[in-house]
Structure formats: C-alpha cells, structure tokens
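The structure appears right after this line, and notes come after that.
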Amino acid sequence: MKIAGLVVMFLGLAALVYGGFTYTSHKKDVDMGPIQIGHTENHDVPIPPLLGLAGIVAGGAMIYFAAKGAS
C-alpha cells in the first residue's frame, strides 16, 4: 500500500509540474498506390491542477493509513 501511495503522489506531482501531455497522430488523407498524402496532428490533453493536488493528498493518505495499520 505504501508503494501505491508513493506512485499516486508521484503522478499527482507530475500532473502539477507538467500540466498535461501531448501526443501526435498520423493520418492518411490519400492512399492511391504509390501516391500517399498524409498529415500529422498534435493533440494537447490538459490536466487540471486540482486533480494533481487530489493525487498528492490521496497518496499521502494511503501512506499514512498503511503505516498506521501496520503498527
């Protein structure tokens, strides 16, 4: 449970630092034998700061209750 709490805290911190992520998709517009026309699109996926804070708090709670239950 402690490891899961650390992972959740790390993901929450990463969400706060980066604020989201981007990915690229390649699409074919025309595919006629040797003639191929395509384009790439960049997509931004924002992550709200409250979600990052919630991850940090949830991870801290997981670590706290795991340590409390082990004693």
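Below, the figures for the structure above:
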| read-out | value |
| --- | --- |
| Whole-number percent relative contact order across the chain, with pairs defined as alpha carbons under 8 Å at least 6 apart | 47 |
| Folded to 0 to 90 degrees: helix 2-18 orientation relative to the chain principal axis, Cα | 50 |
| Per residue solvent-accessible surface (Å²) - the chain, probe of 1.4 Å | 78 |
| Global form of the chain, assessed from the alpha-carbon gyration tensor, a/c cut-off 1.5 | prolate |
| MRE, 222 nm, helices only [DSSP H, n ≥ 4, -39500 (n - 2.57), over the chain, to nearest 500] | -19000 deg cm²/dmol |
| Residues His43 and Tyr64, FRET efficiency given R0 of 35 Å [Cβ-Cβ distance, rounded to 0.05] | 0.40 |
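The values are calculated or read from the model by the stated rules, or taken from the named source; none is laboratory data. Owing to the predicted nature of the structure, the values given are computational and were not obtained by experimental measurement. Glycine gets a Cβ as well: all are built from the backbone with ideal geometry, and neighbour counts include every protein chain shown. Surface areas here come from the heavy atoms of the whole protein model, side chains and all, with no ligands, DNA or RNA. Shrake-Rupley method; radii C 1.70, N 1.55, O 1.52, S 1.80 Å.
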